[in-house]
Amino acid sequence: MAFISQPRKSIIVLIVGLLLITAAIVFVWLQMAPQEHIDWNVTIVGSFGDEMTVTYDEIKALPHYEGSGGFFTSVGYINGPYRLRGVPVVELCDLVGGITPQDIVFISASDGYSTVLDYKQVMGDFITYDPATMKEVAHGQLSLILMYELDGRILSEEEGKPLRLAIAGDDSLLTEGLYWVKWVERIEVIPKDNKNTAES
């Protein structure tokens, strides 16, 4: 059995003690460090004209969905899959009366970009692709979410900070990037008969 001298034992104990103290200080600092305040509002409009504005903090306080997903661009660049967290869009629609199969959802961003989704898509019906082969594959349950966290952190400006549309599930698959709208600021439920309102 190797023998450790008393002075060496003391040094080892001292180093271990310092490491533990340092870890405790870092932990306390992380808990006390001020969190970034994000000033952002999303307007949600129901099919009967009900309207409400929710803040970023209020959105984060709603029941969330966590899953995996990624997307590919029109030129084939692959992003992800990532670990995603956000609020299901259907839950946000419920705040203003919900969505029916006869409705569409118009989503717009602060940069002027917008997209229109039908009822099935809001409920998670998308074509998915294998990240390794880029071939279309079957998928389990998907959720269309308003994402505020990617891989355990807030989004960067380039990624769509603070809120981005995303498609998440349990299978770590890809979807088309056109659905991943950045900088979302308005969600509007519109009866199909009135879809020209969203396009005007």
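The values are calculated or read from the model by the stated rules, or taken from the named source; none is laboratory data. What you see is a predicted model, and the numbers here were worked out from it, not measured in a lab. With ideal geometry, Cβ positions are generated from the backbone for all residues, glycine too; neighbour counts draw on all protein chains shown.
Yes/no matrix, rows are residues, columns are (1) of a type in the set (A, V, I, L, M, F, W, C); (2) within 13 Å of the chain's Cα centre (by Cα); (3) surrounded by fewer than 20 Cβ atoms within 10 Å (Cβ to Cβ); (4) outside any strand (DSSP E or B):
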residue: Glu66; (1), (2), (3), (4): no, yes, yes, no
residue: Gly69; (1), (2), (3), (4): no, yes, no, no
residue: Ser74; (1), (2), (3), (4): no, no, yes, yes
residue: Arg83; (1), (2), (3), (4): no, yes, yes, no
residue: Val87; (1), (2), (3), (4): yes, yes, no, no
residue: Gly97; (1), (2), (3), (4): no, no, yes, yes
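When you check Val181 against the structure, is it among the aliphatic types (A, V, I, L, M), in contact (Cβ under 8 Å) with a residue 60 or more places away in the chain, part of a loop (DSSP other than H, G, I, E, B) and under 19 Å from Cys93 (Cα atoms), yes or no? Yes. What do you reckon, is Pro162 buried (at least 20 other Cβ atoms within 10 Å of the Cβ) and either within 25 Å of Leu62 (Cα to Cα) or in contact with a Ser or Thr (Cβ under 6 Å, 6 or more places away or on another chain) (or both)? Criteria met by Pro162. Contact list please: Cβ distance under 9 Å, first residue in the range 108-129 and within 10 Å of Val181 (Cβ to Cβ), second residue of a type in the set (Asp, Glu), pairs at least six apart or on different chains. Close Cβ pairs (under 9 Å, with a partner that is of a type in the set (Asp, Glu)) amount to Ser108/Glu185; Ser108/Glu188; Ala109/Glu185.
With the structure loaded, tell me whether Gly140 is of a type in the set (Gly, Ala, Ser), in a loop (DSSP other than H, G, I, E, B) and more than 11 Å from the chain's Cα centre (by Cα) or whether it fails that test. Yes, satisfied. Restricting attention to the range 130-149 and to residues that are without any contact (Cβ under 8 Å) to a residue 24 or more places away in the chain and touching a strand residue (DSSP E or B) at 6+ places or on another chain (Cβ under 7 Å), the residue that is farthest from Asp170 (Cα to Cα) turns out to be Lys135. Residues of the range 99-137 that are under 30 Å from Asp50 (Cα atoms) and in a strand (DSSP E or B): Asp103, Ile104, Val105, Phe106, Ile107, Ser108, Ala109, Ser114, Thr115, Val116, Leu117, Asp118. Picking from residues in the range 119-136 that are modelled with pLDDT of 95 or more and β-branched (Val, Ile, Thr), the one that is farthest from Glu66 (Cα to Cα) is Ile127.
Just one of the listed residues (Ser108, Ser114) is surrounded by fewer than 18 Cβ atoms within 10 Å (Cβ to Cβ) and closer than 21 Å to Asn41 by Cβ, and it is Ser114.
Based on what the data block shows, is Asp103 buried (at least 17 other Cβ atoms within 10 Å of the Cβ), in contact (Cβ under 8 Å) with a residue 24 or more places away in the chain and acidic (Asp, Glu)? Yes.
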